[in-house]
Each structure stands twice: as C-alpha cells, then as structure tokens.
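First comes the structure, then the notes that go with it.
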Amino acid sequence: MFDLAVTFLVLTAVMAYINVRFIRLPTTIGVMAIAMGLSLVVFALDAVGISALKDYEVSLLSSIDFSDVLMQGMLSLLLFAGALHVDLSELKAYRWQIGALAVLGTLSSTALIGGAVWWLLPWVGIELPLIYCLLFGALISPTDPIAVMGIVKSAGAPKNLELTIAGESLFNDGVGVVVFTLLLAAATSGQTPEAAQIGLLVAEEVGGGILFGLLLGFITYRMLKSIDSYQEEVLITLAAVLGGYALATHLHVSGPLAMVVAGLIVGNHGRAMAMSHKTREYLDMFWDLIDAMLNAVLFVLIGLEMVLIQYAPGLALAVALVITITLTARLLVVGAPVALLHRQFRLPRGAWQVLTWGGLRGGISVALALSLQEGPERDLVLALTYAVVVASIFGQGLTVGAVVRRAIGRPTH
C-alpha cells in the first residue's frame, strides 16, 4: 500500500508540474487532461502490439479500490476543507434556496434522468433495466463539491451565487448517496423498500449525520478553545475529520453531511472564538494544502481510470444522448425554477445559466458507479458516468467563466 501511495503521489507531482510549467490550466483540469492523455498513449501502444504499459496501468488501478479510497478516505478531508471557508451567517441567509436545490433538485433529477435514460437508450440499440437507469440518475444528479468549488470560485461569480452553488454542492451529495443506497438495496434484493424503511433510512442517514456533525463540531470547538498551540490544534482538526468520518460510518449515519456540518462549525465559531491569529494562519494553510493535493491526486486517478472503461458498439451515441439528458435535467430542475423565481431566490437575473452550467460532476459519481456489482449493467453505467464526468469537467469547467461573464456581467478574477 505504501508503494502504491508513493507511485500515485509521484505521478501527481510530475503531472502537476507539467501543467503549471507548460499547459497552465486549472490544476484539477490540467492533471486530469494529462492523465487521460497518458491513457490514450497507452491505448495507442496497445493497438500496435505494445501492451506492457496498458497491462501495468490496469494492474496498478486494479490494486486500489477507487470507490473505497474516495468515499472512505479522501472525501472526509475534502468536504471538511471545503466547508471550512463557507460563511455560516451567509449560508443561513440562503438556507431554503440551498435546501430546495440540494434536496428537491436531486430527487427530481434522479427521477427525470433515470426515466429519460430508460426510455431513450433503446433508440440507440442499448437496453438497461429501469433500476439501473434510476441508479445512474441518483449517482449523476449531485454536483460534486470537489469539482465545483475551486472552479466556480475562480470564475468570478457574485458572492451570493457562489455561496448558493457551493452550498448546494456540499449538501446534495449526501442526499444523492442516500437515494443511491435505497435504490441499490432494491436492485440487490429485488424488492422495493417500504415507505417506513425509506423514512427510517433517511432519518438515520441525513438526520443522524447532521446531529453527529453538530456534536463533533462542538467537541472540536471546545477542545480548540481550551488551548493555544497551533500544532496541536491543527492535529485536533485532522483527528476530528478522520476519526469522525470513521465513527459516522460505524454508526450508519451520513459521513459526508457530518463533515460538512463539523467544517462549518469549526470554520466559523472555531476560527472566530477559539483560535489565535497564528493558529488561524497555520490551520488555513494546512487545509488549503490538503485540499489542493488531494484534489490533484483525485483527478489524476479519474484520468487514469479511463483504461478500465469497457467500450461497446453504439456507446458513442449513448454517451451523446446521456450527456444531453443530464444537462437538460439540470436545466429543468435547477435552471428553470431559479429563472422563474429569481426574486424569491434573491439571485441575479442570469443566475440560472450559471447554476445550470456550473453543475459539475466529478469523482463521487465515478466512485458510486464503481461500487455497483460487476456485470454488463455496471460496465455500461460506469462508461456513461465517466463520459458525463469528463464532459462536465472539460466542457463546463473550462467555460463556466465565460458563462458568468455573459450571464452576470462580471469579469473573471
């Protein structure tokens, strides 16, 4: 495991250097582009009979569980780091807007995408059972906070719009994971969960995750307030995140939601009332570095995962269809309500365009797709998920700044 971690760290460092030195794209997009380029070179060499590099890359990626690494390892750190700099008072001012987008938007998008994929895929000669179409809808509907926050922040969106997008992305992945878990249980058992079971799971996962995050954040805050030593205080926050996420998993409550809530408490009450200026500086630098490094590693992994995708006849048409469906669903469940109710949402008139186009998908969607039981359905869902994520990161991620300028009229930073 140590050798594996070192290998990916070295690969990430080299790709990050190449991007900064020569390509100069945003780091996450740049390293992912280089990793995908490397995978394409491996494919080309394999096509002419040189298969050693492809065999090595497949062996390397097969030796790690991407889903486990992200969902049980990196996600806790990235969500906490993202929530740490969100202003809680501003978040409260937009709580119902964020709640509506995160909960109602995710549920509506799951049903809309799942139904449309099930109905339209046969038109391109591909069949996928309804339950797997709904699973795809659940895993692709949440916007990825890891992908969204850094890119949107650099796009120059107004503060209230940036806050809404960031808040939605921090909370809707927890909703998406709960819906995905329910549908996966139905797919594996062959039975539809009863309303009481659904209510219990939602209460346990969502309510339990929020309550656990509040408790974890309060305990961490009290510990930080009782001492003044930046080394120990940084260590306490790291232990709270890793230990708290592991405990949340054992308690069967939502670890992602718990980390977001704990991050909000530490980032607001902790920073304002429990830390010296020196501690705040070191804490910010530490979590900024963690965020940047893990983001880079994650997007390198996503780029390299390209070699594991199973390519089938008719897949290109299916990919184009599903990308269109996903963007249309985002427009209908998020863009249209914000456009029609922009005064109630208290957002700029062109905000619906930014919210629609800024809904990036990322590693969480790929991780959930990889967690499905192996089989032809999983291969197809994974291929479609990967295509949507790649199109989202490159197509939307590189152009969201232009959308902000056109829709809102503000220059990028």
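None of the figures in this text is laboratory data; all of them are computed from the coordinates on show. Just so it is clear, the structure is predicted and the values come from calculations on it, not from any experiment. We place every Cβ from the backbone using ideal geometry, glycine too, and count neighbours over all the protein chains shown.
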Exercise. Using the 10 angstrom Cβ neighbour count as an exposure proxy, how do Ser89, Ser392 rank, fewest first?
Worked result: Ser89, Ser392
Exercise. Do the sum for the chain: with -39,500 (n - 2.57) for every DSSP H run of n ≥ 4, divided by all residues, what is the mean residue ellipticity at 222 nm, to the nearest 500 deg cm²/dmol?
Worked result: -22500 deg cm²/dmol
Seminar exercise, completed: In the chain, helical segments from DSSP H whose Cα atoms cover 18 Å or more along their own axis and that average at least 0.0 on the Kyte-Doolittle scale are 2-18, 27-47, 105-120, 159-189, 208-225, 230-251, 277-304, 315-330, 376-391
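Taking other Cβ within 10 Å of each residue's Cβ, how do Ile323, Ile34, Ile393, Ile50 sort, fewest first?
Ranking Ile323, Ile34, Ile393, Ile50 by Cβ neighbours within 10 Å, fewest first, gives Ile50, Ile323, Ile34, Ile393.
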Exercise. Could you list, bin by bin from short to long, the percent of Cα-Cα pairs of the chain in 20 Å steps?
Worked result: 27, 60, 13, 0
Seminar exercise, completed: Highest GNM mean-square fluctuation among Gln396, Gln191, Gln72, for the chain with Cα springs under 10 Å, belongs to Gln191
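Mind sorting Thr181, Thr220 by how few other Cβ atoms lie within 10 Å of their own Cβ, fewest first?
Thr181, Thr220
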Exercise. Using Cα pairs under 8 angstrom and six or more residues apart, how large is the relative contact order of the range 5-408, in percent?
Worked result: 27
Exercise. What residue among Val58, Val175, Val319 shows peak mean-square fluctuation when the chain is described by a Gaussian network model with Cα springs under 10 Å?
Worked result: Val58
For this session: Report Rg (one decimal) and Dmax (nearest whole number) for the range 150-309, counting Cα atoms only, units Å.
Result: 18.3, 56
